[in-house]
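Reading through the structure tokens given below for one structure.
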Amino acid sequence: MVIAIDGPSGVGKSTVSRAVAARLGLSYLDTGATYRAATLAIVRAGVDPSSEDAILSELTGHSIDYSEIGVLLDGESVAFDVRSDEVTRNVSAVSAHPRVRSEIVAMQRRWVDEKDGDAVVEGRDIGTVVFPDSAVKVYLTASPQVRATRRSRDAEASGKSLEEIAGEIGARDHADSTRRASPLRPAKDATVIDTSELGIATVVERIMALAMGTGH
Ligand code: DC
């Protein structure tokens, strides 16, 4: 069973997804981290993030994987490095290229296959594109103010004002939801949960109820 949890940044996706995976004893895949690892490889190599061909050619020399300790680039844990400002600034550009997405989506599908098709998968297009037949599809939202406040507690946002963070979130949302390939949007059959006024535990309980309702 795949549980797809999509939504923009700062809605609590990672915390909620990890908790649901732990409760159900399922593997957890953070697909944002896989796009970030690809972006890290591009940034390190000094490749132009607007050139799809150059990105694809650089990526053929690298392996991206995901493990209990987080995302791996060429077998090395880069969970910390992928949160850098430079990666965050470039990840929307890298992940907007359709052929780059196909490569990374293929890796994500293989990864879930290796888990016998049982996983909680977090991202932007999981319910719409990557696993359109997911047993449970959830789309988390929250008001821009709440999201900026939550992001301000993350290490990657340290030293920035709330306004700066809100501006960055707005720019990334815009890029992610207006791109041609797999834009950020709820699947037609997704359950939309506004987390602005809800605690993590309540959101987790709602998703657990949806998962139990599938009979798995
Ligand atoms: O969840 P995150 O902030 O780590 O994601 C980083 C970027 O990766 C996000 O701005 C858009 C992209 N992304 C994507 O295009 N598709 C996904 N399934 C997950 C993330």
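Observations, loosely collected:
- If the condition is being touching a residue at least 12 places away in the same chain (Cβ under 8 Å) and open to solvent by 40 Å² or more (accessible area, probe 1.4 Å), then segment 202-212 contributes Arg206, Leu210.
- The number of residues in segment 95-119 that are within 13 Å of the ligand (Cβ to nearest atom), under 20 Å from Tyr28 (Cβ atoms) and not in a helix (DSSP H, G or I) comes to 0.
Residue-wise test of (1) surrounded by fewer than 19 Cβ atoms within 10 Å (Cβ to Cβ); (2) among the hydroxyl-bearing types (Ser, Thr, Tyr).
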residue: Ile42; (1), (2): no, no
residue: Ser84; (1), (2): yes, yes
residue: Thr88; (1), (2): yes, yes
residue: Val121; (1), (2): no, no
residue: Thr128; (1), (2): no, yes
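- Cβ separations smaller than 9 Å between residues 6+ apart or across chains give the following pairs from segment 165-180 residues that are modelled with pLDDT under 90 to residues that are among the small types (Gly, Ala, Ser) and open to solvent by 40 Å² or more (accessible area, probe 1.4 Å): Ile165/Ser152; Ala175/Ala93.
- Test: Arg36 is within 22 Å of Ser182 (Cβ to Cβ), in contact (Cβ under 8 Å) with a residue 40 or more places away in the chain and open to solvent by 60 Å² or more (accessible area, probe 1.4 Å): no
- Residue in segment 31-46 that is away from the ligand (no atom under 16 Å from the Cβ), over 19 Å from Thr88 (Cβ atoms), in a helix (DSSP H, G or I) and of a type in the set (D, E, K, R) present: no
- Test: residue in segment 152-163 that is basic (Lys, Arg), modelled with pLDDT of 95 or more and either outside any helix (DSSP H, G or I) or in contact with a Lys or Arg (Cβ under 6 Å, 6 or more places away or on another chain) (or both): no
- Criterion violated by Thr60 - all others in (1) of a type outside the set (D, E, K, R); (2) within 16 Å of the ligand (Cβ to nearest atom); (3) open to solvent by 50 Å² or more (accessible area, probe 1.4 Å); (4) over 30 Å from Gly213 (Cα atoms) satisfied: (2)
- Residues located in segment 164-193, provided they are away from the ligand (no atom under 12 Å from the Cβ), open to solvent by less than 50 Å² (accessible area, probe 1.4 Å) and assigned to a loop (DSSP other than H, G, I, E, B): Ala187, Ala190
- Per the conditions (1) part of a helix (DSSP H, G or I); (2) more than 14 Å from the ligand (Cβ to nearest atom); (3) touching a residue at least 24 places away in the same chain (Cβ under 8 Å); (4) open to solvent by 40 Å² or more (accessible area, probe 1.4 Å), the sole criterion not satisfied by Ala19 is (4).
The values are calculated or read from the model by the stated rules, or taken from the named source; none is laboratory data. Nothing here was measured: the structure is a model prediction, and the numbers come from that model. So basically every Cβ, Gly included, is an ideal-geometry build from the backbone, and we count neighbours across all protein chains shown. Side chains included, ligands, DNA and RNA excluded: accessible areas come from the protein's heavy atoms. Shrake-Rupley method; radii C 1.70, N 1.55, O 1.52, S 1.80 Å.
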